[in-house]
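Derivation of every value follows stated rules applied to the coordinates shown; laboratory data play no part. This one's a predicted model, so the numbers in the text were calculated from it and none came from an experiment. Glycine also receives a Cβ, built like all others from the backbone with ideal geometry; neighbour counts cover every protein chain displayed.
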Amino acid sequence: MEDLSLKKCVPCSSKDLRPMTEDAAHQLIPQVPGWDLVHEVGTWKLHRSWKVKSFTKGLEVFQLVANVAEAEGHHPDLHLVGWNNVKIDIWTHAVGGLTENDFILAAKINGLDLHHLLSKKTAK
């Protein structure tokens, strides 16, 4: 199995791009530890959350994630809930479901050094 973090997202404009099946998503989820498969309003998504040390540390997390997302040309939904809860949802909006791109982006986010931004209770 190829390391997803070494792959590059493909453009979502491809007419051949289709959402993966639930079974395919369950095959890939072990490659992105900390992420959960969630089914919301008929759409499968990847979801992850962290508690950060402060509001501004949450914004720093967003900037680090944004840098990766821009480099990949694939953009997650970022949420700062309350003052210290960062939540990220990833799915391919263009197809209304999950594609390999979503798992690639999640793997790259997992590779970020966020430890110094996280609350001690969640920093692992």
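Within the range 54-82, count every residue that is farther than 25 Å from residue 26 by Cβ, in contact (Cβ under 8 Å) with a residue 40 or more places away in the chain and in contact with a Lys or Arg (Cβ under 8 Å, 6 or more places away or on another chain).
0
I'd like to know if the range 70-85 contains one or more residues that are polar (S, T, N, Q) and surrounded by 19 or more Cβ atoms within 10 Å (Cβ to Cβ).
No: zero hits.
I'd like the full set of residues that are in contact with a strand residue (DSSP E or B) (Cβ under 9 Å, 6 or more places away or on another chain), basic (Lys, Arg) and part of a loop (DSSP other than H, G, I, E, B), limited to the range 1-49.
Scanning the range 1-49 gives a single hit, 18.
Scan the range 86-103 residue by residue and report those that are in contact with a helix residue (DSSP H, G or I) (Cβ under 8 Å, 6 or more places away or on another chain) and outside any loop (DSSP other than H, G, I, E, B).
86, 88, 90, 92, 100, 101, 103
All but one of (1) farther than 20 Å from residue 111 by Cα; (2) loosely packed, with under 12 Cβ neighbours inside 10 Å; (3) not basic (Lys, Arg) hold for residue 30; state the number of the condition that does not hold.
Among (1) farther than 20 Å from residue 111 by Cα; (2) loosely packed, with under 12 Cβ neighbours inside 10 Å; (3) not basic (Lys, Arg), the lone unmet condition for residue 30 is (1).
Among the candidates 44, 35, 91, which residue alone is within 12 Å of the chain's Cα centre (by Cα) and within 18 Å of residue 18 (Cα to Cα)? Before you say what the answer is, go through the steps one by one.
Working: 44 fails: within 12 Å of the chain's Cα centre (by Cα); 35 fails: within 18 Å of residue 18 (Cα to Cα).
Criteria check complete, one pass: 91.
Got a number for residues in the range 3-26 being under 15 Å from residue 106 (Cβ atoms), surrounded by fewer than 12 Cβ atoms within 10 Å (Cβ to Cβ) and not hydrophobic (A, V, I, L, M, F, W, C)?
2
List every residue pair whose Cβ atoms lie under 6 Å apart, where the two residues are 6 or more positions apart in sequence or sit on different chains, the first residue falls within the range 1-23 and is more than 21 Å from residue 35 (Cα to Cα), and the second residue, located anywhere, is among the small types (Gly, Ala, Ser).
Short answer, once both residue conditions are applied: 12/94.
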